Amino acid sequence: MRVDDVTYAEALERCAALIAGGRPHYVVTPNPEFIVLARCDPEFRAILNRADLAIPDGGGLLLGARLLGGRIREQVRGTDLCNGLVERAPAMGWRVFLLGAAPGVSEAAATRLQQRYPGLQIAGTFAGAASSAGDEETVAAVRRAGRCDLLFVAYGASKQEHWIARNLHEVDAGVAIGVGGVLDFMSGRVRRAPAWIRRIGLDWLFRLAIQPQRIKRQGSTIPVFLALVVAEAVRRRASARR
């Protein structure tokens, strides 16, 4: 599965260039959970590999790259990328649509973002449903808003990526990004880890502490990811000795 070796600054510039390009694009945010899901879902894996940009969202990817003899220079968190794009949006004239999350979350996020970034244009908000049965309603909501330069889709992996793959060319969007829980952070519904915790790479642990219901999901993916990386590293070393 492809992960682009980009820094945060490079990812921001790449997104700006994609928006300026005119046609629809999408960005994905791989982490260990994505890797494990993609092994069992070939369609999800293909969607990720077709993305215009795949940022190294999970710190585990940096560790995995080192163990396999590669290098990813910097962890680029999807939350940071979205915040950076929204911060730049007023000056660039970008319009932002917030799709997904629980009812009321996108509206609360829009209110807080406009308070924080005066002049920010929110093209629209809508919760909707991630399933294909809800596509008609969600696509209609985005279409009613007209052009949106940034479309944040918050249905969680891999539902949000499947939604984007099915519907991106049905809406007038510059760059769509599957953002997971970012709208929860933006709305204030979920507290984000303090900066010092993020700097030492333990934001995932902080989130588990405040959302213990995530333990079951992460507990079933992170150990699998680490086991896969170690097994691949052993296989490569054994092959090199032959």
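The values are calculated or read from the model by the stated rules, or taken from the named source; none is laboratory data. Not measured: the values here are computed from a predicted model. All Cβ positions, even for glycine, are placed from backbone atoms using ideal geometry, and neighbour counts span all protein chains on display.
Test of understanding: among Gly78, Gly100, which residue is on the phi > 0 side of the Ramachandran plot, at pLDDT 95 or above and within 17 Å of the chain's Cα centre (by Cα)? Just one listed residue meets the conditions, Gly100. Within the range 110-141, being closer than 19 Å to Gly156 by Cβ and in contact with a strand residue (DSSP E or B) (Cβ under 6 Å, 6 or more places away or on another chain) holds for Thr125, Phe126, Ala141. Is at least one residue of the range 20-34 assigned to a loop (DSSP other than H, G, I, E, B), among the basic types (Lys, Arg) and either closer than 30 Å to Gly119 by Cα or touching a residue at least 24 places away in the same chain (Cβ under 8 Å) (or both)? The answer is yes, given that some residue of the range 20-34 is assigned to a loop (DSSP other than H, G, I, E, B), among the basic types (Lys, Arg) and either closer than 30 Å to Gly119 by Cα or touching a residue at least 24 places away in the same chain (Cβ under 8 Å) (or both). Answer yes if at least one residue in the range 119-134 is among the polar types (S, T, N, Q), free of Cβ contacts under 8 Å to residues at least 60 places away in the same chain and outside any strand (DSSP E or B), and no otherwise. Yes, because at least one residue in the range 119-134 is among the polar types (S, T, N, Q), free of Cβ contacts under 8 Å to residues at least 60 places away in the same chain and outside any strand (DSSP E or B).
Give me the pairs, please: first residue somewhere in the range 1-16 and free of Cβ contacts under 8 Å to residues at least 60 places away in the same chain, second residue anywhere and surrounded by 18 or more Cβ atoms within 10 Å (Cβ to Cβ) and assigned to a loop (DSSP other than H, G, I, E, B), beta-carbon distance under 7 Å, and either six or more positions apart or on two chains. Filtered contacts from the range 1-16: Met1/Pro30; Asp4/Ile55; Arg14/Val6.
With respect to Arg236, is the statement that it is in a helix (DSSP H, G or I), at pLDDT below 70 and not small (Gly, Ala, Ser) true? Criteria not met by Arg236. Is it true that Leu150 is under 19 Å from Leu12 (Cα atoms) and either hydrophobic (A, V, I, L, M, F, W, C) or over 20 Å from the mean Cα position of the chain (by Cα) (or both)? Spelling it out, Leu150 is indeed under 19 Å from Leu12 (Cα atoms) and either hydrophobic (A, V, I, L, M, F, W, C) or over 20 Å from the mean Cα position of the chain (by Cα) (or both). Evaluation of Ala133 against the conditions (1) surrounded by 14 or more Cβ atoms within 10 Å (Cβ to Cβ); (2) more than 21 Å from the chain's Cα centre (by Cα) shows that the sole unmet condition is (1). Could you check the range 144-165 and list, in sequence order, the residues that are in a helix (DSSP H, G or I) and surrounded by 14 or more Cβ atoms within 10 Å (Cβ to Cβ)? Lys159, Gln160, Glu161, His162, Trp163, Ile164, Ala165 - these are the residues of the range 144-165 that are in a helix (DSSP H, G or I) and surrounded by 14 or more Cβ atoms within 10 Å (Cβ to Cβ). Inside the range 80-119, residues that are farther than 19 Å from Ala17 by Cα and either of a type in the set (A, V, I, L, M, F, W, C) or out of contact with any Asp or Glu (no Cβ under 9 Å at 6 or more places or on another chain) (or both) make up a count of 20. Taken as a whole, the structure leaves Asn31 outside the set of residues that are out of contact with any Phe, Trp or Tyr (no Cβ under 8 Å at 6 or more places or on another chain), of a type outside the set (Val, Ile, Thr) and at pLDDT 95 or above. Checking each residue in the range 85-130 for being surrounded by fewer than 17 Cβ atoms within 10 Å (Cβ to Cβ) and of a type in the set (Gly, Ala, Ser) picks out Ala91, Gly93, Ala102, Gly104, Gly119, Ala129. The set of residues in the range 21-53 being within 14 Å of the chain's Cα centre (by Cα) and under 21 Å from Cys148 (Cα atoms) consists of His25, Tyr26, Val27, Val28, Thr29, Ala51, Asp52, Leu53. Inside the range 49-70, residues that are part of a loop (DSSP other than H, G, I, E, B) and crowded, with 17+ Cβ neighbours inside 10 Å make up a count of 6. For the range 35-48, a residue qualifies if it is out of contact with any strand residue (DSSP E or B) (no Cβ under 9 Å at 6 or more places or on another chain) and either over 18 Å from Val76 (Cβ atoms) or not in a helix (DSSP H, G or I) (or both), and the qualifying residues are Val36, Leu37, Ala38, Arg39, Cys40, Asp41, Pro42, Glu43, Phe44, Arg45, Ala46.
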